[in-house]
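Below is one structure, written out as structure tokens, with a few remarks after it.
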Amino acid sequence: MDMIDGFVEKHGEIRRLMEVLARCLPADSSGEEEFQPEMLHKFKETAELLSVKLQAHEALERRFLAVAAKEMGPDGTPCLSVVDEDHAAINDIIHILESICCLAGNARAYSFRFSVSSLSYRLERHLNYEEKEVFPCVRRLLNPARMAEVERAAGVSQRMEPRREPWAKWKMPSGK
């Protein structure tokens, strides 16, 4: 299993977490219904885990693809050009999701629904682009030996786990 296989496996984990977030949202299509406390807790817990995993995954991909781009030369530029823009946009949505979760006592479900919908759309588009365009391009331009060299040079491992302070340590006060 090479690094790209590891990234695709992580994409599956990210998709499953997005499904959990969507299932936590109230069923009311008007968006006026407030979360049940247990679903809000699960939503926030899942959103935090997703945020940590996405940020760690993005950092690993960024390091790996930066080194791969140097190895691939100009032939790799077209397939890597959109990745940085997508990563930045996804990080922006994660920050919005974090902010909404910090204000959870005052937020209604429509705020969460909009963030989840935006994040889900953007993530799925990005993951599909990587899986159908970027990763095949990297595999086509780098043989297995060069791929292993890129992994070593980037200092990445598919077993690396995310490290980040949990949200609970820097949540906004509830105002009570």
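The values are calculated or read from the model by the stated rules, or taken from the named source; none is laboratory data. Everything numeric here is computed off the predicted structure, so don't read it as measured data. For neighbour counting, all protein chains shown are included, and Cβ atoms are generated from backbone atoms with ideal geometry for every residue, glycine included.
For every residue, the table says whether it meets (1) modelled with pLDDT of 75 or more; (2) under 30 Å from Pro136 (Cβ atoms).
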residue: Cys24; (1), (2): yes, no
residue: Asp28; (1), (2): no, no
residue: Ala66; (1), (2): yes, yes
residue: Pro74; (1), (2): yes, yes
residue: Pro78; (1), (2): no, yes
Note on Glu38: of the conditions (1) over 30 Å from Leu141 (Cα atoms); (2) touching a helix residue (DSSP H, G or I) at 6+ places or on another chain (Cβ under 9 Å); (3) at pLDDT 80 or above, unmet is (2)
